Structures are given as structure tokens and as C-alpha cells.
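Report on one structure; see the data block that follows.
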Amino acid sequence: MSQSARAAGCTVLHVDMDAFFASVEVRRRPELAGTPVIVGGAGNRGVVTSATYEARRYGVHAAMPTSRALRLCPTATVLPGDVALYAEVSRAIMALFRSITPLVEPLSTDEAFLDVSGAGRRLGNAAEIGEYLRARVYDEQGITCSVGVAGTKFVAKLASTRAKPDGMLVVRPAEVMDFLHPLPVGALWGVGAKTEEVLLRLGLRTVGDLAHVPVRTLQRAVGQAAGSHLHELAWGRDPRRVVPDEPEKSTGHEETFGTDVDDPAVIHRELLRLSERTAGRLRSGSWLARTVTIKVRFADFATITRSRTLEAPTDVGQELYDTARALFDALGLDRARIRLVGVRAERLVRAGSAPRQLELGAREHGRRDAELAADRAARRFGAGAVRPATLLHRGPHPVREAGGNPGGGSFVPPGRL
């Protein structure tokens, strides 16, 4: 196959560092190369934040208690981590990406989408650019990355996952169905544990199975919006473009518990309270959030964040909470003791500039109307005059609410960070 045909129709790269934190630590301590390394808190209350592939072969993964990880892999080296160093490496990597194309959309500190449609004359086709980036990352940072090359963001991200570790996979448009349809349904964006369970009960085990089910059947099973979304993805259709990162626009709240908490019900209540407060701040400023991020700090001060981009921007507290709770539950924490939780609304857009998604059969007055009424009551009778019933009885009282940026309760105007 000629070089020009190798990536025909592909303009999107998804570049993802391999075991980022752990790889940076191994770079600093070369004697650990090829051995299982865990980055996270030590002792009975520590939590894994990253692990090398040598450790992952034993079943070790992020958010797992370190004590359990060491039972699975007793020979692993546990390192505390260096957040400042990881941020420095991340900045260098993102600068490299932007030297290739201005169309870079970071997803986290160690992964990003790149639209390289305008870089072909200078650097070659998308596959050649992917190989070039992999070599540059290794030469300049001493760590490896995996690259997915495709015509859409969705397929490119799946391809980079399949290429791990230290590989590259090109999926041309003509190859998408052969690549996509054998995958398990859980590979589709938006399929969490509960949705996967519903699909499996219907006998839908692969993406191909799902693709050949009438869209109305899917909508009855998982809801109208989710059913349409999954049907489109199952046929490789993803119209989203790579959106360059903008000046940070975000607002949120976080709270520290008076004593460490390991009860999921208490965490869920706090996530609901923080989501309600964050949504109120969005509405007061006429903003909608595209992305919801949660922050979890464990008893040993190890901190992780998880984010999800919404199908449609929102300022509704219940929608923020549903997403925040799903992100927290997906961590699969095994009674880990938690010191702090936070909810943040990110990638804000002006309320008047984003069309609202309509739902067939939706009530004339929905959840947003109820929350707007609660806002009016709060302005008249004071904060907390109207609140979800769940919040009438709270668990351990937080001792401190953080304010300001990046994780606090103050609104951050666009472009001010």
C-alpha cells in the first residue's frame, strides 16, 4: 500500500500517553524499567493513581486501594508521585502538538485530539504525522504514547486504545465497520455499566449486534437521546470536530469533610449538593456547561479528577449531579476513605448561544423550570429555602468549602484564568 493510500480519508489523531505518571517516574528512575511500578499513596489508606503495564498485568488499575494492588502484585515499587513534574511534562507535550497543528483539543493532561488536515503539505499524511509525533515524544520526553488515526474522533480514540501500549493504529473510513462491529458494546461512548447491562439483556453483545437493531428499539430500551446516539456511533458516524482549547471557562464547588468518609451514600448526597450550587451559579451568570468534572481527594491526599462531556450544554443541577454521580460510581472505589469531593462545570457557553435539545413527549414544565422557581425562592427567602429532599438530612458536615480557582466556589469569568 502506498503511503498516500495508507491514511486516505483520515484527518484526526488521538494521542494518548502510556501509563503517564508511572512512565514519567520510570524515566526519572531508569533502574525500574521493565518492572511493576505503582504511583499513589502508600499504606492501608493509599490509592493507586497510575501503574505501569507490568503492574497492570496483575490486575492493578487506577483508583484501586494500594493495599489491594500490593496483594495482587507484591513486587511492585510504590512511588508517591510528583504533580508538578507531570504538569511540566504535559505542557511540553501539548506545545509539541500545537507545533504540528493549531487544532488541538486536550482531553486531560496526557491525551488530546489533533486535526491534522492542514499539516499534510508540510509533514505528510495523518499516519506519517502520527509516527512523527510518537518519535518526538519519545526523543524529547523519554516516554511512549499510542496514536489512533481515523476520520472521526470516536474511531480515533478507540484506535489508540487498541494500539496500546506504544503503538499506532490507522482505521480508514472504508475499514470502520470491520474495526468497529466486532467490539463489545461497552466500547461505545455513553455505555456505562447500567446501559451495558440493559443491552446485554437484549442479547446485544457487540457493536455489530447493536448496529442492526432498529433505532426505535434502542430508544425504548435506553431512552430516545441515548438510543439515537448509540445507533449513530455503531455505524461510525460522529460529526464532532476537533475544538481547540479555549481560555478556561469554569465554575464549581468542592468541600472537605470533617472526618474521612467511605460511605457512598454520603458522597452521593454531597455531590448532589455541590451540583445544585454549581448549577445555580451557572444560571445566575447565564452560562451553560458542556463538561462536568469531579474531584476526589483521598485520606492520604492523593487526588484524582474525572470528566465527561455532555450531549447538550446544561445549567440543570439534576443533570450535573447525574453525570457527577456516574463518574464517581465508575471509579469502583472499594470503601476507600475520602477527604474531599468537588464538582466543576467546564467549557461554558452563553445560555443564549446554545440551542436546547428538545425531547419527544417531554413535560411542558421540566426540571429546569423547577430549579428556576427554587432560584426565585432563594432570592426572596434566602439560600436553602428550597432544596432536594435528600439534602434535608446530611451526613458528616464538611469543615471547609474551598473558594476561588481552580476548585472553589467562586465563578471564574471566561478568559480570566
Using modelled backbone amide H atoms (1.01 Å from N, in-plane), which distant-in-sequence or interchain residues come within less than 5 Å of M64's amide H?
V48
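For A33 and T305, FRET efficiency with R0 = 41 Å and r from the beta-carbon atoms, rounded to 0.05?
Calculated value: 0.90.
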Roughly speaking, what is the centre-to-centre gap between the range 209-275 and the range 90-120 when only Cα atoms are used, to the nearest Å?
24 Å
Yeah, the range 108-258 with a ≥ b ≥ c from its alpha-carbon gyration tensor (a/c under 1.5 is rounded, else prolate when a/b outruns b/c, oblate otherwise) is oblate
If R₀ is 60 angstrom, what is the calculated FRET efficiency for the pair S99 and R205, using the beta carbon separation as r and rounding to 0.05?
0.90
Once phi is turned into θ = phi - 60°, what whole-Hz ³J(HN,Hα) does the Karplus curve with 6.51, -1.76 and 1.60 give for every residue of the range 134-147, x standing for Gly and Pro?
4, 5, 5, 4, 5, 5, 8, 10, x, 10, 9, 9, 10, 10
Taking the Cα-to-Cβ direction at D166 and at D263 and moving 7 Å from each Cα, how far apart do the two end points lie in nm?
4.8 nm
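Could you pull out the GluC sites (Glu not before Pro) across the range 250-359 that fall in loop regions by DSSP (anything but H, G, I, E, B) with no more than 14 other Cβ atoms inside 10 Å? Please report the intermediate quantities before stating the final value.
Working: sites: E254, E255, E270, E276, E311, E319, E346, E359; in loops: E359.
Those satisfying the criteria are E359.
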Which shape class, rounded, prolate or oblate, goes with the range 210-263 when its Cα gyration tensor gives a ≥ b ≥ c as root eigenvalues, a/c under 1.5 marks rounded, and past that a/b bigger than b/c marks prolate?
oblate
Keeping all protein chains in the complex and leaving out DNA, RNA and ligands, what accessible area do you get for W287 with a 1.4 Å probe, in Å² to the nearest 10?
20 Å²
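The values are calculated or read from the model by the stated rules, or taken from the named source; none is laboratory data. What you see is a predicted model, and the numbers here were worked out from it, not measured in a lab. Note that we place each Cβ from the backbone using ideal geometry, even for glycine, and neighbour counts take in every protein chain shown. These accessible areas exclude ligands, DNA and RNA; they are computed on the full protein's heavy atoms, side chains included. Shrake-Rupley method; radii C 1.70, N 1.55, O 1.52, S 1.80 Å.
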